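To start, the structure under review is shown below, and the notes come after it.
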Amino acid sequence: MTPLVLLPALWAPAAWACAVCSDPEAVSNLTFGLSTAFLTFLPLLAMAAVGWWFWRRLKALEAEQGAQVLNLRQD
Amino acid sequence: MSVTALPLDAAQRRGPPKPTLKVAPNGVVGMLIFITSELMLFAGLVSAIAIVKARASMWPPPGQPRLPVAETAVNTLALLASGALMYWAGKKFLENPRSALKPLRIGIVLGLFFVGFQGAEWVAMLGQGLTLQSSAMGSFFYLVVGIHGLHALAAITAMIWVERRLTAGRLSHTEFWTARLFWYFVVLVWPVLYWRLYPATVGS
């Protein structure tokens, strides 16, 4: 059902509702596109960075704990 | 004689509990979430500046004073130096907590210098006719610098609290780590705001 509803959108002319998107100046349109990409990917990148940092800390802690267990066994 | 198997309860079936690893203290995790949301606030402002600038035929708008680029660059260096000092204080704290006091205090003084300088700049710009209503540049200038200044004041307050706790010998590593994270955010977001707000000119 959803594709049937969305299909006409492929042939429909652009509805320039946004004052910035419909700006005739190409510079403004480019800025709008870049800003949209920036605001879309920045939160994803920020969350990925925090997740990556957690993962690195977890691996370091696991390695540290593994070394402690090994030392205890050797003692 | 019959033997009936007694049902094992859930805890027995699971076996001995595995040791859990605490990856980061709760305060640090909370601060990271807060910083991520604050990052989006400043990203929204930076995007808004970019779009308004791209639509402007001339930037700064006609009849509006120029922002003090060189003076604020020096102030930016002071803020970056305070960030470096806080980083150094964090390193010193791990070796000997008392040895972190000196870089921490100098960092706080540099932070106060930054906020005081920005305040003086506000007064000077108001005197030259740049107000919140005078132009889009004036609106962005007071909004962005004001919001960042509030963050800087909050971070300085946190650092003064840290300094008091450290002097009394009651500061924990987690408390210092959490406060420093916020300070790093305030320091690192400013150069981006400066770059978008101060030096760029269009069509003039």
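May I ask you to say which residue of B:Leu132, B:Leu110, B:Leu188 is closer than 27 Å to B:Leu39 by Cβ and assigned to a loop (DSSP other than H, G, I, E, B)?
Numbers: B:Leu110 fails: assigned to a loop (DSSP other than H, G, I, E, B); B:Leu188 fails: assigned to a loop (DSSP other than H, G, I, E, B).
After applying the criteria, what remains is B:Leu132.
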Q.
Given the condition crowded, with 17+ Cβ neighbours inside 10 Å and within 25 Å of B:Ile51 (Cα to Cα), answer yes or no: does some residue in segment B:107-115 qualify?
A. no
Q: List the number of the failed condition for A:Cys21; all other conditions in (1) more than 9 Å from every other protein chain (Cβ to nearest Cβ); (2) at pLDDT 80 or above; (3) surrounded by 12 or more Cβ atoms within 10 Å (Cβ to Cβ) hold.
A: (2)
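Among the listed residues B:Ile147, B:Ile108, which satisfies the condition of being among the aliphatic types (A, V, I, L, M) and either touching a strand residue (DSSP E or B) at 6+ places or on another chain (Cβ under 8 Å) or more than 30 Å from B:Pro65 (Cβ to Cβ) (or both)?
Details: B:Ile147 fails: either touching a strand residue (DSSP E or B) at 6+ places or on another chain (Cβ under 8 Å) or more than 30 Å from B:Pro65 (Cβ to Cβ) (or both).
From the options B:Ile147, B:Ile108, the qualifying one is B:Ile108.
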Q: Only residues in segment B:101-127 that are on the phi < 0 side of the Ramachandran plot count as the first member; pair them with residues that are acidic (Asp, Glu) and crowded, with 16+ Cβ neighbours inside 10 Å, Cβ under 7 angstrom, at least 6 apart or cross-chain, and list the lot.
A: B:Leu104/B:Glu163; B:Arg105/B:Glu163; B:Ile108/B:Glu163
Q) Restricted to segment B:49-61, and to residues that are more than 8 Å from chain A (Cβ to nearest Cβ) and of a type in the set (A, V, I, L, M), which residue is surrounded by the most Cβ atoms within 10 Å (Cβ to Cβ)? A) B:Ile49
Q) Is there any pair with a first residue in segment B:178-204 that is surrounded by 18 or more Cβ atoms within 10 Å (Cβ to Cβ) and a second that is modelled with pLDDT under 95 and small (Gly, Ala, Ser) whose Cβ atoms are under 6 Å apart and which are 6 or more apart or on different chains, and what are they? A) B:Thr178/B:Gly27
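The values are calculated or read from the model by the stated rules, or taken from the named source; none is laboratory data. No experiment lies behind these values; they were computed from the predicted model shown. Glycine gets a Cβ as well: all are built from the backbone with ideal geometry, and neighbour counts include every protein chain shown.
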